[in-house]
Amino acid sequence: MGGRRDGQDGRDRGTAPPKTKTAMLNRLKSHPAPRFAVVGGLIFGIDITALKVGHDLLDLTLPLATAAAFGLAFLVNFALSRQWVFASSDDSRIHRQIVRFVLLAAANFVSTLLIVLGLAHLGVYYLIAKTIAVAVNACANFILYRRWVFA
């Protein structure tokens with residue numbers, strides 16, 4: 001007898017056929033979620049670095065450093081999300097996309113500021129607080145970018 005047989009019909013349930021694995025890999029490659037994660041990681045790095053530089057090296061107040069870092073990350077995020085993550089190159093929609101992106105960014109900004117300042121007030125290190133804010137906002141952003149901003 002051959003490999004392990006798990007199903008009642010006697011078919012091998014241990015591995016998926018290569019065709020299925022290839023199809024799944026191709027689907028994953030074409031899905032925006034992995035690109036969103038890559039861009040998110042890059043944007044997070046830009047945001048955290050700019051926040052650290054602004055607050056620790058330039059001695060900006062925490063609210064000002066948070067706002068400046070957010071603004072820089074916003075610009076890079078829009079460009080990469082529009083062109084690469086969601087591949088929305090239809091120039092006739094750019095005005096609507098910018099307006100929606102700005103509205104969502106404003107909500108993210110308020111959320112980020114409240115979370116960072118609130119947690120920092122409670123004694124949480126501000127970069128940890130920023131990380132928590134990013135995680136909270138990222139989940140909603142993927143859905144809203146895909147279904148509303150770049151739809």
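None of the figures in this text is laboratory data; all of them are computed from the coordinates on show. Computed from a prediction, not measured in an experiment: that's the story for all the values here. As a convention, Cβ positions derive from the backbone with ideal geometry for all residues, glycine included, and neighbour counts pool all protein chains shown.
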* Qualifying lysines (Cα of each under 24 Å from Cα of Lys21; at least 8 residues distant if same chain) -> Lys29
* Structure fact -> Note: the chain at 37 °C, 0.692 mPa s; Kirkwood Rh on alpha carbon pairs; Stokes-Einstein D in µm²/s works out to 184
* Asked: Which of Thr131, Thr66 comes first, and how do the rest follow, when ranked by fewest Cβ neighbours within 10 Å?
  -> Thr131, Thr66
